[in-house]
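Beneath this line is the structure, given in structure tokens, with notes to follow.
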Amino acid sequence: MAPELGPRLPTQPQLAGAEQYAARVRRVVVIGATGHVGTYLVPRLVRAGHEVIALSRGEREPYSPAPEWRVVERVTADREAADFGERVAAFNADAVIDMIAFTASEAAALLDALRPTRPLLLHCGTIWVHGPAARVPITEDEPRTAFGDYGTGKAEIEALLQRETIAGGVPSVILHPGHISGPGWPVITPAGNLDPDVWRRLAVGEPLALPDLGLGVLNHVHADDVAQAFERALTRPEAIGSSFHVVAAQAMTLRGLAAGVAAWFGREPVLEFVDWAEFERRVGAQHATATREHVSRSIAASIDRARAVLGYAPRFSSLQALHEAVRRLAANGLVDVGAQDF
């Protein structure tokens, strides 16, 4: 089980020097800049008047082109390099946005390098810091019950960053996205996995098998809505020291998502509710494992705090985020929807 968070600060603006960050954020380093969220975040930051240094491991282009990238400093950097933290610190940024820290040791190494100058640190977590919820929608104040390497690693980072902030070190804000969706990459289907045949079955009216009566819950979010939250967090000193859920306004059940997707093609879904053994027989062990990972959590996350503190206002519902993603996948021949049209 992941460690519980340290105590939240009762009044975040009381942090020493907190107001200075909102006033002086101009130079921003984005680690993992060409990924799902960075594709949208970097242009947003440029449009907001920030000077942006975009760090990534390779030469991959963002998923969607934008003219703002022409004025961005692009830097190739490997997080596993011994001098990675020092390279980030050398940019002398006002803020660092870390999209790709997955272990507490990675986050600690970056903190060590940033501590002398104390830039604002924004970290991308995950709603999987939560395990199965006792109350829904789950809030950021619930004790962490993460399981699995991904969720527990992110929960450990969250606790580390909050302790650092409380101790007067590098100030941080943690944003916990749901299942990040958008055009350019495969996204979690209404079956809770990455099986592309799910989209075809819903498009052409073939039966779709779902476990647990299709009542498992998914909490998608469009990558641009996540980017919106990061952009807003840069200039909200009252956010420092806190964590925020960043998801679509409503979570949806598997069967609800299936009905919504089928409706794109003028259909009702043909759903077959099966037990887990039969589900695995039909879809294979890999897809069944992914579905179980999502259904066993079934997180419906509250965004009340993000709305109140960050002014977060998601533009996309879960279905709208999926529609953009699937339309691009189909246009690129990566998803078969038969002869159906959106």
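The values are calculated or read from the model by the stated rules, or taken from the named source; none is laboratory data. As the structure is a computational prediction, the values presented were derived from the model and not from experiment. Counting neighbours? That spans all protein chains shown, and the Cβs are built from the backbone with ideal geometry, glycine included.
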What are the residues in region 137-188 that are touching a Ser or Thr at 6+ places or on another chain (Cβ under 6 Å) and farther than 27 Å from A109 by Cα, if any? P137, T139, V187
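Quick one: is A301 under 29 Å from the mean Cα position of the chain (by Cα) and in contact (Cβ under 8 Å) with a residue 24 or more places away in the chain? Talk me through it step by step, then tell me what you get.
Numbers: under 29 Å from the mean Cα position of the chain (by Cα): yes; in contact (Cβ under 8 Å) with a residue 24 or more places away in the chain: yes.
For A301, the condition - under 29 Å from the mean Cα position of the chain (by Cα) and in contact (Cβ under 8 Å) with a residue 24 or more places away in the chain - is met.
Would you mind stating whether G192 is under 17 Å from T291 (Cα atoms), touching a helix residue (DSSP H, G or I) at 6+ places or on another chain (Cβ under 6 Å), part of a loop (DSSP other than H, G, I, E, B) and small (G, A, S)?
So G192 fits the description; yes.
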Which residues, counting only those in region 57-89, are in a helix (DSSP H, G or I) and surrounded by 11 or more Cβ atoms within 10 Å (Cβ to Cβ)? E68, W69, F84, G85, E86, R87, V88, A89
Residue list for region 229-254, filter: crowded, with 24+ Cβ neighbours inside 10 Å and part of a helix (DSSP H, G or I): A229, F230, A233, A239, L254
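With the requirement that a residue be aromatic (F, W, Y) and outside any helix (DSSP H, G or I), what does region 104-144 give you? Write out each step before concluding.
First, the residues of region 104-144 that are aromatic (F, W, Y): 128.
Selection gives nothing.
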Touching a strand residue (DSSP E or B) at 6+ places or on another chain (Cβ under 9 Å), surrounded by 21 or more Cβ atoms within 10 Å (Cβ to Cβ), in contact (Cβ under 8 Å) with a residue 60 or more places away in the chain and outside any strand (DSSP E or B) - does that describe any residue in region 167-179? yes
Counting only residues in region 275-315 that are within 18 Å of H179 (Cβ to Cβ) and of a type in the set (D, E, K, R), the one surrounded by the fewest Cβ atoms within 10 Å (Cβ to Cβ) is identified as R315
If a residue must be buried (at least 20 other Cβ atoms within 10 Å of the Cβ) and in a helix (DSSP H, G or I), how many such residues does region 262-274 contain? 1
List the number of the failed condition for A259; all other conditions in (1) closer than 30 Å to A313 by Cα; (2) in contact (Cβ under 8 Å) with a residue 40 or more places away in the chain; (3) in a helix (DSSP H, G or I) hold. (2)
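Among the residues of region 32-39, is any on the phi < 0 side of the Ramachandran plot and not in a loop (DSSP other than H, G, I, E, B)?
Step one: of region 32-39, the residues on the phi < 0 side of the Ramachandran plot are 33-39.
In the following step, the residues that additionally are not in a loop (DSSP other than H, G, I, E, B) were identified as 38-39.
Yes: one or more hits.
Name the residues in region 21-52 that are over 21 Å from L110 (Cβ atoms) and either modelled with pLDDT under 95 or under 22 Å from the mean Cα position of the chain (by Cα) (or both), would you? Talk me through it step by step, then tell me what you get.
First, pick out the residues of region 21-52 that are over 21 Å from L110 (Cβ atoms): 22-23, 39-40, 43-44, 46-49.
Those that are over 21 Å from L110 (Cβ atoms) and either modelled with pLDDT under 95 or under 22 Å from the mean Cα position of the chain (by Cα) (or both): A22, A23, T39, Y40, P43, R44, V46, R47, A48.
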